[in-house]
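Comments concern the structure below.
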Amino acid sequence: MNPFSSATRMRDMIRAIRGCKTAAEERAVVRKECASIRAAISENDQDYRHRNLAKLMFIHMLGYPTHFGQMECLKLIASPGFPEKRIGYLGLMLLLDERQEVLMLVTNSIKQDLNHTNQYIVGLALCALGNICSAEMARDLAPEVERLLQFRDPNIRKKAALCSIRIIKKVPDLAENFINPAAALLKEKHHGVLLTGLQLCTDMCKVSTEALEYLKKKCIDGLVKVLKDLANSPYASEYDVSGITDPFLHIRLLKLLRVLGQGDADASDAMNDILAQVATKTESNKNAGNAILYECVATIMSIEDNSGLRVLAINILGRFLSSCDNNIRYVALNMLMKAIALDCQAVQRHRVTILECVKDSDASIRKRALELVYLLVNENNVKSLTKELIDYLEISEQEFKEDLTAKICSIVEKFSPEKIWYIDQMLKVLSEAGNYVKDDVWHALIVVITNASNLHGYTVRSLFKAMQKADEQETLVRVAVWCIGEYGDLLVNNAGVLDVEDPITVTEADAVNVVETAIGRHSSDLTTRAICLIALLKLSSRFSSCSKRINDIILHHKGSFVLELQQRAIEFNSIIQKHQKIRPALVERMPVLDEATFSGRRAGSVSAAASTSQGAPPKIPNGVAKPVSPPLVDLLDLSSDDIPAPGSSGGDFLQDLLGVDLSPASSQGTNQSQKSGTDVLLDLLSIGTPPAQSSSSTFDILSPSQGNKSSANVLDTLVASASPSVQSSSMMDLLNGFGTSTLVPVAETDNGPTALTYPATVAFESNSLKVTFNFSKEPGNTQTTLIKAQFMNKSPNIYSNFVFQAAVPKFLQLHLDPASSNTLPASGNGSVTQNLRVSNSQHGKKSLVMRVRISYKVNDKDVLEEGQINNFPRGL
Amino acid sequence: MGIRFVLMVNKQGQTRLAQYYEYLNLEERRALEGEIVRKCLARTEQQCSFVEHRNYKVVYRRYASLFFLVGVDNEENELAILEFIHLLVETMDRHFGNVCELDIMFHLEKAHFMLEEMVMNGCVVETSKTNILSPIQLMEKAS
């Protein structure tokens, strides 16, 4: 009985599946079939085993699971008949893969079949082995395959050759065994054997340098001759493709020559003539000829330099590029990518054509062309190329805009000759495709803008103009609003007008209008609105005439459903109404952001730990992602390992804003706002109540968890987002304590960095111990701080063996003098002092931080206390 | 290894033959086929025959109602793959006589045998139609 033609039930199944109108029907049919096949399998039905497997293959193709048929394949392979074996091997290749353990079971059957007297069965086994063999099978069966490379029938030799490729890929050590038989295949006349032999040699050169050297020495002349004969061969009907004899063989030969000629001048020399002949004589009006030319060009590009050949190759690519066949243009662009490394000038000559390809209607060609243009850009042509690309951005298809925008931004950043050009181009991109601009790109733009102080006015005016035309581009809105907030005064006064500008008149109300529109747009997301709120706060100070209106807009968001916005609105409202005195200082311009740090961070090279030791904290635009104020960052950086990077939720803008001028206390508000929203709400509602802790010293405000065991806990709780009740008081201090007497000492420290005296600070306090630090500076050495530590015993017992230890981060250096005594008298009757000297290598950027450990004996019991000090006055 | 997979798909996007030369599990295969077929079928006649998808380059060609799609890696000569597709179609034509979707559906195993004689482990084995078809004809005679 014939398993193939008489598979009537197979036909029925296919008909049934074809007749299905819905996917559900198809699933039902397949489920039924699978059930009957499973039943047949469990009954060990032999007559229909092959037919069942054929059905399973069809079901597998449709994308249904067929694992239950795997063992059937093995049984069929083990059966004696050819038809059964054939279908069994096919099933093996389709349903199994090398990762399955079942495959181990088949090794023995394959071994037997490789030694079978019927050459077709040998061929089946070779084919299966070549497609699925694992490393273990490769080791077991390599000798058989090696022997079959010399088998009398060429059809077996060719399959053995491809099987060898799989074997040496799985086990490269075996490659040396195959070198001689593989090289022998290159002398064959049979095209199939030659084709596969060439492939084997090419792959062998990749895994074995020994093979590469051997083939270079022995085979180049032979290969050149084979190619010459082939190129000049008369018509051969069996292998003819549109007038060319076996283009596949041509291509394989050229590929191997490429591998052999790479980095070898002699070998390259030997093949020059034939490559020139192929490049000039091959017909280029049909696809087959072009395929050969394409491969020939690739080979010429890869082998050692021969200027004559290179010119020939570049010319062929030029011809390809101007072809009207899209396939040919595609491969030309593909190859020019490789050529650019060799001869940039030659590729540059085709720049205009390539630029046209960027605008092609075919997405594949556009993509290739865009990548090529990207590689073509250099300092000399960046302006013209960018202009072309930006012009095209206006009319390009939506789905292409993202790629195009990314590439333009990258080009502009990489090659921008001057800041004004950079800003101009970025503004154009933002206006055209602002919705496709990635966050890091517009962050970078803001960094550049803050650094270009002479262009602030120009930038904010250009952005204002752009906003009049295109206010639907999210990132444009963000950058524009940010700049209006920062440089709104320059917009209104027309300060620093450049020659190239058209003068415009903008009133304060106009500027506020823009922000109001932006915050009110439905499409604006949280980040945009957050930026808008900050801009409004800043403008409220800059535009006194609009203060009332701005307050109204801010008030409007008091009812926002977004907690973040609601909270800010209430805070900002409070600042505008109650804290007029400090407002101008609060909303000063952002300090210039450090470009180097930003780009470093962008590159992802600055890990959190590194930033602690390397110094300058990361700075990213206002309201975006990261805190801006150095002391804040430092404070958090000490334990930065644990700090989750805040997302660009805009949630940090209080931190940004308050951090500019305020003490570290603000960080609590921010962290809290990110982490424990509901508690914040409670805090906000209790906003008018008198702050519980505001009566005590400076220290209370700086470190409100003073009541806890040690100040180190402050950081821990912050990071772990715990204990909101403790933090809430600081929140209230923050909001209501402005201008009250409690804050005065801090304000003095903060606003008077020139003063050389620093207030004494309670660095550490527990139930039993109090540590006070007095600071002084060495004259003429701002980096070094002298600290006089004073220890007080609060308990009624004497402390003996008193030892104070301290540790600092890498950017600090610490020197400890011996303590005045190692015994601490009881109940505050006298104290021990110890001098510390701290050098801050990041002076002006980072504040001091310190971990301390104090050990002593009380009543013959060892006591250890630890803590972290982060309330050092600023400027140390 | 140049060829990663060979697919034959009809105009409705239904797979009619699928042969992979690297391992993909069922879900990956279904997803890949769906994505590629959607991409290729949406293209017009004038556009080029190459589509880049994930790390594959798909070379495709349409014959009447059947699409032949071949996924290759970056090293492969795209034009040669086009030629290969044509050879595959000519071979099937010679065997089935103007091959159509139904021939492949109802003789799936034979289509696979032909492909098996042409491609092994992602490499082209044989380019002569006579050599490719002779084992299949022998087998038919034997039965």
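The values are calculated or read from the model by the stated rules, or taken from the named source; none is laboratory data. Bear in mind the structure is a predicted one, so any value in this text is a computation, not a measurement. Quick reminder, even Gly has a Cβ in these numbers, built from the backbone with ideal geometry, and neighbours come from all protein chains shown. In case anyone asks, the SASA skips ligands and DNA or RNA and just uses the protein heavy atoms, side chains included. Shrake-Rupley method; radii C 1.70, N 1.55, O 1.52, S 1.80 Å.
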Report task. Select from B:95, B:58, B:105 the residue farthest towards the positive end of the dipole of the stretch B:3-142; place +1 on Cβ of Lys and Arg, -1 on Cβ of Asp and Glu, and compute about the Cα centre. Result -> B:105
Query raised in the report: Where in chain B are the DSSP H helices whose alpha-carbon span along the long axis reaches 24 Å or more and whose Kyte-Doolittle mean is at least -0.5?
Result: B:78-96
Report task. Report the FRET efficiency, 1/(1 + (r/R0)^6), for residue A:15 and residue A:43, where r is their Cβ-Cβ distance and R0 is 30 Å, rounded to 0.05. Result -> 0.75
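Below 14 angstrom from the Cβ of residue A:341, what's the summed charge of the other residues (Lys, Arg +1; Asp, Glu -1)? Before the final figure, lay out each step's value.
Values: positive: A:310, A:338; negative: A:305, A:343, A:371.
After counting each charged neighbour, the total is -1.
For residue A:438 and residue A:579, what does the FRET efficiency come to when R0 = 30 Å and r is the distance between their Cβ atoms, rounded to the nearest 0.05?
Working: r = 37 Å, r/R0 = 1.24.
Using R0 = 30 Å, I get an efficiency of 0.20.
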**Report entry** Eligible lysines near residue A:857 by straight Cα distance, threshold 25 Å, same-chain separation 8 or greater
**Finding:** A:709, A:770, A:788, A:794
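Per residue, how much accessible area does the stretch A:761-869 have with a 1.4 Å probe, in Å²?
Details: 5220 Å² over 109 residues.
That works out to 48 Å² per residue.
Quick one: buried accessible area between A and B, total over both chains, 1.4 angstrom probe, nearest 100 Å²? Working shown, then result.
Values: alone 38520 and 7980 Å², together 40850 Å².
Using a 1.4 Å probe on protein heavy atoms, the buried area is about 5700 Å².
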Report summary line: Order by accessible surface, 1.4 Å probe, largest leading, for residues A:773, B:96 comes to B:96, A:773
Report task. Kindly write out, for the stretch A:150-160 in residue order, the coupling ³J(HN,Hα) from the Karplus curve 6.51 cos²θ - 1.76 cosθ + 1.60 (θ = phi - 60°), rounded to whole Hz, with x marking Gly and Pro. Result -> 10, 4, 5, 7, x, 5, 7, 4, 5, 6, 4
Report summary line: Across B:79-89, the residue-averaged tally of Cβ atoms belonging to other chains within 10 Å stands at 5
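Would you tell me the mean number of C-beta atoms belonging to other protein chains that fall within 10 Å of each C-beta in A:184-193, as a whole number? Each step should come with its number before you reach the end.
Working: counts 0, 0, 0, 0, 0, 0, 3, 4, 8, 2.
Whole-number average of other-chain Cβ neighbours for A:184-193 is 2.
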Query - Highest average packing first - A:259-266, A:810-817, Cβ atoms within 10 Å - result: A:259-266, A:810-817
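With contacts defined as alpha carbon pairs under 8 Å and 6 or more residues apart, what's the relative contact order of the stretch A:65-178 in percent? Don't jump to the answer; show the numbers that get you there.
Numbers: 131 pairs, mean separation 23.6, N = 114.
Relative CO of the stretch A:65-178 lands at 21 percent.
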Report task. At 1.4 Å probe size, with no ligands or nucleic acids counted, give the accessible surface of residue A:169 in Å², nearest ten. Result -> 100
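So which of A:225/B:129; A:170/A:255; A:189/A:228 end up more than 24 Å apart by C-alpha?
Listed pairs above 24 Å: A:225/B:129.
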Requested in this report: State, as an integer percentage, the relative contact order of the stretch A:320-410 based on alpha-carbon contacts under 8 Å between residues 6 or more apart.
Outcome: 23
Query raised in the report: For the stretch A:572-581, what does the Karplus curve 6.51 cos²θ - 1.76 cosθ + 1.60, with θ = phi - 60°, yield as ³J(HN,Hα) per residue in whole Hz, taken in order and with x for Gly and Pro?
Result: 5, 4, 5, 5, 5, 7, 9, 10, 3, 4
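Given 0.36 nm per residue, what is the gain on full extension from residue A:495 to residue A:414 after removing their alpha carbon distance, in nm? Mind dumping the intermediate values first?
Numbers: separation 81, 0.36 × 81 = 29.16 nm, distance 2.97 nm.
Separation in residues times 0.36 nm, less the Cα-Cα distance, equals 26.2 nm.
Just the number, please: Stokes-Einstein D of the stretch B:3-142 in µm²/s, Kirkwood Rh from C-alpha pairs, 10 °C, 1.306 mPa s. Kindly include the intermediate steps, with their values, before the conclusion.
Values: Rh = 15.3 Å.
Translational diffusion coefficient: 103 µm²/s.
What order do you get for A:826-834, A:239-247 when each peptide is scored by the mean count of other beta carbon atoms within 10 Å, highest first?
On the way: A:826-834: 14.6, A:239-247: 18.8.
Per-residue mean Cβ counts within 10 Å order the peptides as A:239-247, A:826-834.
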Query raised in the report: Where does each of B:93, A:203 land when they are ordered by accessible area, with a 1.4 Å probe and the largest first?
Result: B:93, A:203
Query raised in the report: Quick one: how many Å² of residue A:338 are accessible to a 1.4 Å probe, rounded to 10?
Result: 110
Query - Exposure of residue A:772 as accessible area (Å², to 10), given a probe of 1.4 Å and all protein chains - result: 30
**Report entry** Protein-only accessible surface order, largest first, of A:82, A:775 at 1.4 Å
**Finding:** A:82, A:775
Report task. Have a look at the stretch A:36-111 and give its Rg and Dmax from the Cα atoms, expressed in angstrom. Result -> 11.4, 33
Query - the stretch A:761-869 pair-distance distribution - Cα-Cα, 10 Å bins, rounded % - result: 14, 47, 27, 11, 1
Query raised in the report: How large is the accessible surface per residue of the stretch A:275-320, computed with a 1.4 Å probe and reported in Å² as a whole number?
Result: 36
Query - Sequence-distant aspartates and glutamates (8 or more away, or on other chains) whose Cα lies within less than 16 Å of residue A:159 - result: A:113, A:144, A:146, A:188, A:203, B:116, B:117, B:126
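Say R0 is 51 Å: what FRET efficiency, to the nearest 0.05, do residue A:375 and residue B:142 get from their beta-carbon distance?
0.30
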Report summary line: Inter-part gap, Cα centre of the stretch A:350-373 to Cα centre of the stretch A:834-850, in whole angstrom, is 57
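To the nearest whole number, what is the average tally of beta carbon atoms from other chains within 10 Å of the beta carbons of peptide B:44-51? The partial results should precede the final answer.
Working: counts 2, 0, 3, 9, 13, 6, 9, 4.
Mean shielding count: 6.
What is the local net charge at residue A:381, summed over the other residues whose Cβ is closer than 11 Å to its Cβ (Lys, Arg +1; Asp, Glu -1)? The partial results should precede the final answer.
Numbers: positive: A:351, A:383, A:387; negative: A:379, A:388.
Result for the local shell: +1.
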Requested in this report: Sequence neighbours fewer than 8 away in the same chain don't count; with that in mind, list the lysines whose C-alpha is under 18 Å from residue A:548.
Outcome: A:538, A:558, A:578, A:581
